[in-house]
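Worksheet: the structure to be examined is printed underneath.
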Amino acid sequence: MHTDTPVIDVDRLVRRYGRTDAVDGLTLRVAPGRCYGFFGRNGAGKTTTIKCLLNLLRPTSGGIRVFGLDPARDEVAVKSRLAYVPDAVAFYPWMTVRGTLDYFASFRSRWNQETERALLDRFRLDPRQRASHLSKGQRTQLALITAICPEPDLLVLDEPTSGLDPIVRREFIQTVIGAYQEGDPGRRTVFVSTHLISEFEGLIDEFTILEHGRNVLTLDADTARQRYQKIHARFATDPGTVHLDGAQSVRQRGRDVEVVVDGRSTEVVDRLKARSPEALTIESLSLEEIFVATLQPAGAAA
Amino acid sequence: MRLEINFKSGKPVYLQMVDQVKAAAASGAVQPGEPLPSIRPLAEELRVNRNTVAKAYAELERQGVIESIAGKGCFVRTNGSPLKKAVRMELVTHEIDAAVIQAHHLQVNKAEFLRLAEERFAAFQQRRDRAANE
C-alpha cells in the first residue's frame, strides 16, 4: 500500500553491552501513518532499540534509518520531526507546568496552543503547579502534552502506561488516538513499545514481537487475529490422546480439548468434527494471547 | 446506532464496522440522509485507530451505503448502491450460496430455509417501520 520511505527502518541491528547482546540482529520497517506495536517482555531489547533510534545509544552494528535519515549524522533533522515519551519521565523540579511547556515549546518550530489548552483541561493539570509536586500519572500526562503539541510526524512511546492507574491509562490512550492523529493521518506515525498489550489492542495496525533482541513475529493485527485461533471442543466421553497436526498447542482436560492454531484452523476443526464433539467453538486470540502463544511454544502452556 | 467491536471474532475490525453500519441502515436504525459520527470521536469511543474507522467508511462508500461530502462528513445514501443490477444480484447470490451450504450441513431443508428468509425480510421491514414512526 505504501511505496514511501519507511518512517523507521531497522536493518540487522546489533547492540552489545559487554558480552550481552541486548539487540541481536533486529530487522523491522514501519510505514508512514501506521500505529506500530513493539511488544516484548522486560529485557527483550525494546528500550535499547528505541535508544538507538533516538541516537541515545550507538549501534554495535547494523543500520538504522528514521525518515530515511541517519539518526546520528542528521540528528537535528530527525529529532525535529519526532517526539518521545520515555517510561520514566523527569522534568526540572523547580519549573511549573506552564514553565515546562514554554521551555519545551522553545525548542520546537511548531506548537499547537489549542491542543495544549484542550489537553491541560482534559487532564485537569494546574499550570501553576511545580513539576516536583506532580504525581507519576501527572508527569506522564505532561510528557504527553509536550510530545503532542509540536505535531511531530513520529511519536515514540516507550512503555508509556506502565505504573499508571486505569483511569489515567484510558485517558492516555484516548489522547493518543484523538489529538495526535488529528491533521494529516497519512503522515502521522506512532511507534509504541509495551508489554501491556491488551490496552492498545484496537490502536495497533501492525506489530513486532521481540525476544532476546530478535524479531520473533511481525504481522498486521487483523491478519494475526485471523490466523491465531483457539478451538475448544467437548466430547461425550474422554477422547483419549488427540493427535492434531498443525496445532500450536493442545490442552486436554478430560472431555475438553483446547487447541491453539496458527493459520491451520480448518484442518484442525475438520479433524475434531470427525470425532463428533458435543460442542465446538472457535475464537480468535487477542494480541496479548498471540504474544503469550508465540513466546510459549507448544507444550509449554501451563 | 451503536457499534461494538469484538476482537475475538476473527473478522477484521473495519469489516465488523462495515457490517454493523449496513445492518443499521437495513433495519432503519440509521435513516437515509442521516450523518455518521465523525472519525475522531468514534475512534476514541471504540478505542480503535482512526485508520480503521477511515478504512471502514471508505469501504462503505465504495459499496454505495454512504456518501462523503467534503467538509461535512459522511451520510447514509438515499438512492442506494451505484452498482448495476446484474452485479448487485451476483453479490447477493454469493451470500445466498454460503447460507444454502450452511443450511445443508445443519439439516435445514428448502421449505424451512425459504420460510426463514420470509421471516427475516418481515423482521427487517418491521424494524424499519418502527424506526420511521419514532
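Details
- Of all residues in region A:234-272, those satisfying the criterion of being within 25 Å of residue A:223 (Cβ to Cβ) and among the charged types (D, E, K, R) are A:245, A:251, A:258, A:262, A:264, A:267, A:270, A:271.
- Criterion applied to B:20, B:16 was being more than 8 Å from chain A (Cβ to nearest Cβ) and closer than 23 Å to residue B:129 by Cβ, and the one residue passing it is B:20.
- Any hit, region A:206-227, residues being assigned to a loop (DSSP other than H, G, I, E, B), under 23 Å from residue A:16 (Cα atoms), within 14 Å of the chain's Cα centre (by Cα) and of a type outside the set (Ser, Thr, Tyr): no
- Qualifying residue in region A:243-266 (condition: at pLDDT 85 or above, closer than 30 Å to residue A:4 by Cβ and not assigned by TED's automatic domain parsing to the domain that holds residue A:26): yes
- Of all residues in region A:276-290, none satisfies being in contact with a Cys (Cβ under 9 Å, 6 or more places away or on another chain), modelled with pLDDT of 90 or more and part of a loop (DSSP other than H, G, I, E, B).
- Set side by side, the residues A:174, A:141 differ, and just one is away from every other protein chain (no Cβ under 14 Å) and either β-branched (Val, Ile, Thr) or in contact with a helix residue (DSSP H, G or I) (Cβ under 8 Å, 6 or more places away or on another chain) (or both), which is A:141.
- Matching residues, region B:24-58, being more than 22 Å from residue A:222 (Cβ to Cβ) and either touching a residue at least 60 places away in the same chain (Cβ under 8 Å) or within 14 Å of chain A (Cβ to nearest Cβ) (or both): B:26, B:27, B:28, B:29, B:31, B:38, B:41
- Summed over region A:259-275, the residues that are away from every other protein chain (no Cβ under 14 Å) and in a strand (DSSP E or B) give a count of 1.
- Within region A:194-209, the set of residues being closer than 14 Å to residue A:8 by Cβ and either at pLDDT below 95 or touching a Cys at 6+ places or on another chain (Cβ under 9 Å) (or both) comprises A:205, A:206.
- Residue match in region A:267-275 (condition: of a type in the set (A, V, I, L, M, F, W, C), in the same structural domain as residue A:110 (by TED's automatic domain parsing) and at pLDDT below 90): no
- Of all the criteria given as (1) in contact with a Pro (Cβ under 9 Å, 6 or more places away or on another chain); (2) modelled with pLDDT under 95; (3) within 14 Å of chain B (Cβ to nearest Cβ), the one not satisfied by residue A:112 is (3).
- Restricting attention to region A:186-217 and to residues that are polar (S, T, N, Q) and touching a Ser or Thr at 6+ places or on another chain (Cβ under 8 Å), the residue that is nearest to the other protein chains (Cβ to nearest Cβ) turns out to be A:198.
- Qualifying position, being within 12 Å of chain B (Cβ to nearest Cβ) and surrounded by fewer than 18 Cβ atoms within 10 Å (Cβ to Cβ), among A:220, A:238: A:220
- Any chance residue A:271 is surrounded by 20 or more Cβ atoms within 10 Å (Cβ to Cβ) and not hydrophobic (A, V, I, L, M, F, W, C): no
- The numbered conditions (1) over 22 Å from residue A:283 (Cβ atoms); (2) surrounded by fewer than 17 Cβ atoms within 10 Å (Cβ to Cβ); (3) among the acidic types (Asp, Glu) are all true for residue A:245 except (1).
- Criterion violated by residue A:101 - all others in (1) in contact (Cβ under 8 Å) with a residue 12 or more places away in the chain; (2) within 22 Å of the chain's Cα centre (by Cα) satisfied: (2)
- Those helices (runs of 4 or more DSSP H) lying entirely in region B:19-134 with at least 2 residues exposed (fewer than 12 other Cβ atoms within 10 Å of the Cβ): B:85-105, B:110-133
The values are calculated or read from the model by the stated rules, or taken from the named source; none is laboratory data. Being a predicted model, the structure only gives us computed values, none of them experimental. Cβ: placed from backbone, ideal geometry, glycine included. Neighbour counts: every protein chain shown.
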